2 protein chains.
Amino acid sequence: MQPVETVLRARRVATPDGTAARWVGVHGERIVAVEPYDTPVPAGARVVDLGVDEVLMPGLVDTHVHINEPGRTEWEGFTSATRAAAAGGVTTLIDMPLNSVPPTVDVEALEVKRACARGAVAVDVGFWGGAVPGNLKELRGLHEAGVFGFKCFLLDSGVEEFPPLQPDELEPVLAEIAALGSLLIVHAEDAEAIDRAPSAAGYRYADFLASRPRGAENLAIAWLVDRVRWTGARAHVLHLSSSDALPMLASARRDGVAVTVETCPHYLTFMAESVPDGATQYKCCPPIREEANRELLWRGLADGLIDIVVSDHSPSTPELKQLDTGDFGAAWGGSPRCSWGWRRSGPRPGRAGTTSTTSSGGWPRGPPRWRG
Amino acid sequence: MQPVETVLRARRVATPDGTAARWVGVHGERIVAVEPYDTPVPAGARVVDLGVDEVLMPGLVDTHVHINEPGRTEWEGFTSATRAAAAGGVTTLIDMPLNSVPPTVDVEALEVKRACARGAVAVDVGFWGGAVPGNLKELRGLHEAGVFGFKCFLLDSGVEEFPPLQPDELEPVLAEIAALGSLLIVHAEDAEAIDRAPSAAGYRYADFLASRPRGAENLAIAWLVDRVRWTGARAHVLHLSSSDALPMLASARRDGVAVTVETCPHYLTFMAESVPDGATQYKCCPPIREEANRELLWRGLADGLIDIVVSDHSPSTPELKQLDTGDFGAAWGGSPRCSWGWRRSGPRPGRAGTTSTTSSGGWPRGPPRWRG
């Protein structure tokens, strides 16, 4: 056996084969041994014994985190975001290309982000690039510089420096991304459907929910799926809220269309019926929907239709959430989540999809591996 | 009791309360009595006794029948269509506005159809009007002349004299139909999705199926639902084949969107896995899909999500079905169905959705009542 500096010993260790009593030996930054609980520990090792109700598990990977540094560091910077991630069990995160200024839409902006991150981060950090109108020629450079893929919006992103792709811009982007062997990740709500929905203004959650109907997600996803089908590219649907779309995603995949999908802890945890009026901390886009929808998302996770659970961690300053006025129309759409997301949507006794063999409850435990 | 000319006596009579042993008294064209089987029959009445395995039930209403007279009477005329309907248990049918020449897109064309029908029909016949590019101003006249609603296509209809509505034409049509209190019935497959799918040419059924992917239906239905939502009109999705769309239709209805949906006996009876290559008699649009899809359509019927079953009876001359070449690309897309549709997709023991209390198996037994 290699030298062991530290032993972590627990009755409940999440392993690929399920939960078991084990001790884990660590040397430097590497796991060097996983042994049955009662095996004698190496002499001289520091031993940390977990409580009987504590679970020892691998660090999680959160592929949907908005770190807004530079430009909006007061919303969330690398120092605070990566510490929140570590507190939530996340040891690797991938940063979204928007809400920082400049957004990560060319290599120069990526280098700015990397410079900010260097020395400030408490966990491993990777980067998504952005696909916006006019930056098609930047995608190759970003890909070669190491971004994990490219994010686009199909409607207003919430910040003016990261505009949405227009309908006729999506296919050229998909074609370029297919040529690169990269991945397009998509905020899929239909712009016209949202524009024509009732106003979100005011403090009633029901009005906010009606302002982001499921139809807007359903239409955007149906539209995206066909373009992925035609181009042979790989695409990923971000933060799925409308369970209506699960059957069409499933059948597209059976046809060989390379589309994956994620959902988030807030869609799995909360439900519209319980959101108090004026509680703008629950505002997100797409919105938290009804209990019946939440149960179908859990089903999609249990069935393997939903590939991963990620946080969509997207803080702002408290005043932007309009907690004083409770106005859902004016409030910022993001919330901090990576410190609590897994604790709320991870495995729970009796909950389908969260057995001991899927001990992370859909949260990735290793490097992202995208279908396709 | 009123005078009774004829008594129809059966051990299995379909009533609103289920199947029971009854006799039904008829005078002229009216049912004047429904009595327990053992009640003495009126003196002098002619008695017809059904066999123990025969069911006596009300006539069916088939709201989706193409009678191609005048213009293509050799495909199907009023005489042959209405006799086929009667043979299939259908006592009322509603005729589609296309495949006859002229199509039923103005009052003059409606009167031409009515003149052809007069004296030729064996069952009650009603008419749908057509919504095509340029005939918006004809809709009111057709409505006032008694059409049950208006059919449109979102892609090539198969006959050049009945072109599809372009995307920007749908909303004005829906607005006019809402103003009339009428109904739009829609062939919902997305034109671009079909154009860009692989070719249907050749004798392989798998190639034909791939030429009409579920995504084309899913996208067109998602797109239609939003426009119905925005206009407050009533619309009906014709001949649903893709079960993927059921959840989004269900959630739109929960939102109060006035959308209904039908499916057809061929989607409930056949499955792609069993269609022989070259068997172009199975060609229809949208296509017959996989067994798993068929089972979900049955589930949709049992759950009340699918409102009605109708035949989509649409014969042609045999040579147009390309039975000699077996070329799915060249074959006409319709088939005769109203003579056998109910017998194949009506109630079956053990089949969800077809209990004795839903004795018509989804086929309408009375005047169409559209939701909304």
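All Cα-Cα distances of the range A:120-225, cut into 5 Å bins from zero to the largest, leave 2, 11, 20, 19, 16, 12, 9, 7, 3, 0 percent in each bin in turn.
Angle of helix B:107-117 to the longest C-alpha principal axis of chain B, folded into 0 to 90 degrees and rounded to 10: 40°. Chains A and B together bury roughly 1800 Å² of accessible surface, counting both sides and using a 1.4 Å probe on protein heavy atoms. Rounded to the nearest 10 square angstrom, B:Lys151 shows an accessible area of 0 square angstrom against a 1.4 Å probe. Taking other residues whose beta carbon is less than 14 angstrom from the beta carbon of B:Glu192, and scoring Lys, Arg as +1 and Asp, Glu as -1, yields -4. My understanding is that a pair violates if its Cα-Cα distance is over 31 Å; which of A:Lys151/A:Lys283; A:Lys137/A:Lys321; A:Lys151/A:Lys321; A:Lys113/A:Lys283; A:Lys113/A:Lys321 do that in this structure? In this structure, A:Lys137/A:Lys321 lie more than 31 Å apart at Cα. Phi angles of the range A:334-339 translate, via the Karplus equation with coefficients 6.51, -1.76, 1.60 and θ = phi - 60°, into HN-Hα couplings of x, 8, x, 9, 6, 7 Hz per residue; Gly and Pro are given as x.
Scaling against 2.2 N^0.38 Å puts the C-alpha radius of gyration of the range A:1-147 at 1.35.
With only Lys, Arg, Asp and Glu charged, each at its Cβ (+1 for the first two, -1 for the last two), find how big the charge dipole of chain A is about the Cα centre; round to the nearest 20 debye.
So the dipole magnitude of chain A works out to roughly 1160 debye.
Please name the residues of the range A:242-260 whose accessible area, counted over protein heavy atoms with a 1.4 angstrom probe, falls by no less than 20 Å² between the chain alone and the full protein assembly. Going by heavy-atom accessible area, the residues of the range A:242-260 that drop by at least 20 Å² are A:Asp244, A:Pro247, A:Met248, A:Ser251, A:Arg254.
When shorter helices are ignored and each DSSP H run of at least 4 residues is given -39500 (n - 2.57), the per-residue value for chain A at 222 nm works out to -7500 deg cm²/dmol. A probe of 1.4 angstrom, applied to the heavy atoms of all protein chains, finds A:Phe208 with accessible area near 0 square angstrom. Take each residue of peptide A:224-235, count the partner chain Cβ atoms within 10 Å of its Cβ, and average: the result is 3. Around the Cα centre of the range B:1-137, unit charges on the Cβ atoms of Lys, Arg, Asp and Glu (plus for the first two, minus for the last two) sum to a dipole of about 80 debye.
Here the contact order of chain A, divided by its residue count and restricted to Cα pairs under 8 Å and six or more residues apart, works out to 15 percent. Compared with the rule-of-thumb size 2.2 N^0.38 Å for a compact globular protein, the range B:206-353 has a Cα radius of gyration ratio of 1.07.
Positive end of the dipole of the range B:213-310 (Cβ unit charges, origin at the Cα centre): among B:Cys264, B:Ala252, B:Ala216, the Cα lying farthest that way belongs to B:Ala252.
Over all other residues within a Cβ to Cβ distance under 13 Å of B:Thr280, the charged ones net out to -2, with Lys and Arg as +1 and Asp and Glu as -1. A simple count of charges around B:Ser157, restricted to other residues whose Cβ falls under 12 Å of its Cβ and scoring Lys, Arg +1 and Asp, Glu -1, yields -3. For chain B, the longest principal axis of the alpha carbon atoms and the long axis of helix B:291-302 meet at an angle near 50°.
Per-residue shielding of B:102-113, expressed as the average number of other chain Cβ atoms within 10 Å of the residue Cβ, stands at 0. Rolling a 1.4 Å probe across the protein heavy atoms gives the range A:250-319 an accessible surface of 33 Å² per residue. When the Cα positions of B:Leu93, A:Pro164, B:Leu180 are compared along the charge dipole of the protein assembly as shown, B:Leu93 comes out farthest toward the positive end, with charges on each C-beta of Lys, Arg, Asp and Glu.
Against the longest alpha carbon principal axis of chain B, how many degrees, from 0 to 90 and to the nearest 10, is the axis of helix B:214-231 turned? So the inclination is approximately 80 degrees.
Compared with the rule-of-thumb size 2.2 N^0.38 Å for a compact globular protein, the range A:288-340 has a Cα radius of gyration ratio of 1.46. Exposure check, 1.4 Å probe, all protein chains in place: B:Arg294 carries approximately 30 Å² of accessible surface.
Summarised in one figure, the compactness ratio Rg/Rh of the range B:36-92, Cα atoms and Kirkwood Rh, is 1.20. Distance between the 7 Å Cα→Cβ label points at A:Glu54 and A:Glu29: 2.3 nm. For the range A:1-57, the alpha carbon convex hull comes to 79 Å³ per residue, rounded to a whole number.
For chain B, the convex hull drawn through the C-alpha positions has a volume of 145 cubic angstrom per residue. Among residues of chain A, the one whose beta-carbon sits closest to the A-to-B rotation axis is listed with its distance in Å as A:Ala222, 2. Taking each pair of distinct Cα atoms in the protein assembly as shown once, what is the resulting Kirkwood hydrodynamic radius in Å? Taking every pair of different Cα atoms in the protein assembly as shown, averaging 1/r and inverting gives 29.1 Å. Since only A:Thr325, A:Ala279, A:Val310 are under comparison, the one whose Cα sits farthest along the positive direction of the charge dipole of the range A:272-331, derived from C-beta charges on Lys, Arg, Asp and Glu, is A:Val310.
The values are calculated or read from the model by the stated rules, or taken from the named source; none is laboratory data. The structure presented is a predicted model; accordingly, all values stated were derived computationally and were not measured. Using ideal geometry, Cβ is built from the backbone for each residue, glycine included, and neighbour counts are taken over all protein chains shown. All accessible areas refer to the heavy atoms of the entire protein, side chains included, with ligands and DNA or RNA removed. Shrake-Rupley method; radii C 1.70, N 1.55, O 1.52, S 1.80 Å.
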